[in-house]
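Report on the following structure.
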Amino acid sequence: MTSEILNKLSSQGVSIWLDDISRDRLRTGNLEQLIREKNVVGVTSNPTIFAGALSKGDAYNSQMHDLAVRGVDLGEAVRAITTYDIRWAADVLRPVFDATQGMDGRVSLEVDPRLARETEKTVAEARALWWMVDRPNLFIKIPATVEGLPAITQALAEGISVNVTLIFSLERYRQVMDAWLAGLEAAQAKGLNLATIESVASFFVSRVDTEIDKRLDKLGNAELKGKAGIANARLAYAAFEEVMNSERWQRLRAAGARPQRPLWASTGVKNPDYPDTMYVDELVAPGTVNTMPEKTLDATADHGRVQGDAIRPFYEQAWNTMAALKEAGVDYDDVVKVLEDEGVEKFEASWNELLESVKKNLVV
């Protein structure tokens, strides 16, 4: 039975994606069940999720054994294991992809995060993963580092659909949208069908509160805690609307292109004092994606508070919050730099954990 709350969220124009994947979830039919019962229309993955999946149960043992027998090297073994799950999930979601004309039914696979500061290698890895998975409903995740921006443009120019990840700042988000538009323009110049090239921009939410709350504690200011993440995301949506109203976008839209939707990522609440559905309830607006850990998805289905557009009526409030944070002594530019560096480091650490786990199990 579907949740009335999740139905309401979907009807508001929010696509519900699951921020998790595992071989076990696929082979038990759990993902199909979530599509049927919890309105899930997409899946995101990252190195941390894969490292976690490999550490539990025996779902990967048979493939690990075969890879070991074949003498496959470690990097290729990791690619083989992760692309297997992504391909399977893409096939499970294919009916959603077809029903939404390619807007949803998407599965995201991240490039090796150790390449986050290397443009050319990121592009090469994006091409390799796109070829290996070979599904039209794939998203290649590329981090929004300075070096990642031209890689985003290049991938899109080649017809590769991209999920831009690790976006924390409003300035970087504008640069991401610029890179996306440039990619579509290049694809158009090559004569590619723009309607088949999709993109989302993953704007991280809870991590912003975690970092800013820590600074507010040091400043002795409890009043502004738990407000920055939502305010920042709301202003990102305002920036998105600006681009959607631009002549540059209107020209591409007329040629068949579709919007790069804002995707709210890092929506699991880190502070137990906050409502566990706040990063869902407070970020409802049409044409958005919210990717949730299963715990957040279940909480939203049970007691989420979906009350219409929760973004556009609150732009002024969001600006006021950001101004108050600045006045309180929070250095926004430093916050987002720390978060981006930490984000890359965390995914690198998870990738190394994933490599170690595969290495340990790659035995004949």
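The values are calculated or read from the model by the stated rules, or taken from the named source; none is laboratory data. Quick caveat: nothing in here was measured; it's all calculated off a predicted structure. Here the Cβ positions follow ideal geometry from the backbone for every residue, glycine too, while neighbour counts run over all protein chains shown. With ligands, DNA and RNA removed, areas are computed over all heavy atoms of the protein, side chains included. Shrake-Rupley method; radii C 1.70, N 1.55, O 1.52, S 1.80 Å.
Amide H to amide H under 5 Å from Val40: which residues, 5+ apart in sequence or cross-chain, H placed 1.01 Å off N in plane?
The list, which skips near neighbours in sequence, is Ile35.
Report the local net charge at Pro293: Lys and Arg +1, Asp and Glu -1, summed over other residues whose C-beta lies under 10 Å from its C-beta.
Cβ neighbours under 10 Å give a net charge of -3.
Packing-wise, with mean Cβ within 10 Å as the measure, how do 133-143, 288-298 rank, highest first?
Highest-to-lowest ranking by the protection proxy: 133-143, 288-298.
For the chain, what is the accessible area per residue in Å² when the probe is 1.4 Å?
42
Label points 7 Å out from Cα along the Cβ direction at Arg114 and Asp91: separation in nm?
3.0
Could you point to the label whose value was computed as Cα extents along the principal axes in Å for the structure here, given (1) 61, 48, 44; (2) 80, 47, 46; (3) 56, 48, 40?
Evaluating Cα extents along the principal axes in Å on these atoms matches (1).
Along the positive direction of the dipole of the range 29-169 (beta-carbon charges: Lys, Arg +1; Asp, Glu -1; about the Cα centre), which of Val92, Asn61, Gln33 reaches farthest?
Selected residue: Gln33.
Using the Cα centre as the reference, give the magnitude of the dipole from point charges on the C-beta atoms of the range 1-112 (Lys, Arg: +1; Asp, Glu: -1; all else neutral), rounded to the nearest 20 debye.
For the range 1-112, the charge dipole is close to 180 debye.
Taking the Cβ of Gly229 as the center, what net charge do the other residues with Cβ under 11 Å away carry, scoring Lys and Arg +1 and Asp and Glu -1?
Summing Lys/Arg as +1 and Asp/Glu as -1 gives +1.
So what is the calculated 222 nm ellipticity per residue for the chain, using -39500 (n - 2.57) for each DSSP H run with n of 4 or more, over all residues, to the nearest 500 deg cm²/dmol? Before the final figure, lay out each step's value.
Numbers: 16 runs with 207 residues, N = 364.
Taking each H run of at least 4 residues, the total per residue is -18000 deg cm²/dmol.
Hey, can you list the DSSP H helices of the chain whose Cα span along the axis is 27 Å or longer and whose average Kyte-Doolittle score is at least -0.5?
The answer, listed by residue number, is 74-99, 170-189.
Once you list every other residue whose beta carbon is under 12 Å from the beta carbon of Pro259, what net charge do they have if Lys and Arg are +1 and Asp and Glu are -1? Present the calculation step by step, with values, prior to reporting the outcome.
Values: positive: Arg253, Arg258, Arg261; negative: Glu198, Glu241.
In short, +1.
Can you pick out the pairs among Lys8/Lys38; Lys56/Lys295; Lys227/Lys326; Lys270/Lys295; Lys8/Lys141 whose Cα atoms lie more than 21 Å from each other?
Lys8/Lys141
Could you give P(r) for the range 61-207, binned at 10 Å from zero, as whole percent values over all Cα-Cα pairs?
12, 38, 35, 13, 2
Suppose every Lys and Arg Cβ carries +1 and every Asp and Glu Cβ carries -1, with no other charges. What dipole size does the range 136-233 come out with about its Cα centre, to the nearest 20 debye?
Its charge dipole is roughly 220 debye.
Over the chain, what is the relative contact order in whole percent, taking alpha-carbon pairs under 8 Å and six or more residues apart?
Worked out over the chain, it gives 23 percent.
Compute a Gaussian network model of the chain, connecting alpha carbons closer than 10 Å, and tell me which residue from Asn232, Asn46, Asn320 fluctuates the most.
Asn320
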